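Visitor: The structure under discussion is supplied below as structure tokens; questions concerning it will follow.
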Amino acid sequence: MAKLIGLLNKQYYTSRSVTLEESIEKTIKPEGSVELATKVIRGELTDKEELYLLSENLWLGLNNLLEDIGIEYRDDILEL
């Protein structure tokens, strides 16, 4: 997700080791990204249910962000 945030902001990260920290500071980011990144940075990964909910919230935030900026990536109809 951090890589996508960098692309959306058209900015590079300083290094791989600070990607999550720097993604938090970017202007354009999906709702839920800061909360999940913060948990990962702190190493707070033991509560699986909480991580699932944070991931689900991030996924919803990403879908909303892409819709807001006019990127359509989903189809409801499968064309054969």
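The values are calculated or read from the model by the stated rules, or taken from the named source; none is laboratory data. All values reported here derive from a predicted model rather than from experimental measurement. Note: ideal-geometry Cβ built from the backbone for every residue, glycine included; neighbour counts use all protein chains shown. Just the protein is used for accessible areas: all its heavy atoms, side chains included, with ligands, DNA and RNA removed. Shrake-Rupley method; radii C 1.70, N 1.55, O 1.52, S 1.80 Å.
Visitor: Can you give the accessible area of E50 in Å² (nearest 10), computed on protein heavy atoms with a 1.4 Å probe?
Guide: 70
Visitor: So what does Y13 come to for accessible area, using a 1.4 Å probe and Å² rounded to 10?
Guide: Here the residue's solvent-accessible area equals roughly 40 Å².
Visitor: Here are labelled values, (i) 14.2, 46; (ii) 16.0, 45; (iii) 19.8, 67, and one is the computed Rg and Dmax of the Cα atoms in Å for what I pasted. Which one?
Guide: Derived directly from the coordinates: (i).
Visitor: Using unit Cβ charges (K, R positive; D, E negative) and no other charged atoms, how large, in debye to the nearest 20, is the dipole of the chain about its Cα centre?
Guide: 500
Visitor: Please name whichever of Y73, I28, I41 sits farthest to the positive end of the charge dipole of the chain, dipole taken about the Cα centre and charges placed at Cβ: Lys and Arg +1, Asp and Glu -1.
Guide: The residue sitting farthest along the positive end of the dipole is I41.
Visitor: Taking only pairs that are 8 or more places apart or on different chains, how many Lys pairs in the chain have Cα atoms under 21 angstrom apart?
Guide: 8
Visitor: Using Cα atoms only, what is the angle between the long axis of helix 33-42 and the major principal axis of the chain, expressed in degrees (0 to 90) to the nearest 10?
Guide: Its long axis makes an angle of about 30 degrees.
Visitor: As a check on your grasp of the helix formula, calculate [θ] at 222 nm for the chain: sum -39500 (n - 2.57) over DSSP H runs of n ≥ 4, divide by the residue count, round to the nearest 500. Write out the running numbers ahead of the final one.
Guide: On the way: 4 runs with 46 residues, N = 80.
Mean residue ellipticity at 222 nm (helix-derived): -17500 deg cm²/dmol.
Visitor: A further question follows. Whole number in Å², please: accessible area per residue of the chain, 1.4 Å probe, ligands, DNA and RNA not counted.
Guide: 79
Visitor: Please report the carbon-and-sulfur percent of the accessible area for the chain; probe 1.4 Å, protein heavy atoms only, DNA, RNA and ligands left out.
Guide: It is 54 percent, rounded to a whole number.
Visitor: Here is a further query. Against the longest principal axis of the chain, how steep is helix 48-68, in degrees 0 to 90 to the nearest 10, with axes from Cα atoms?
Guide: Approximately 50 degrees, to the nearest 10.
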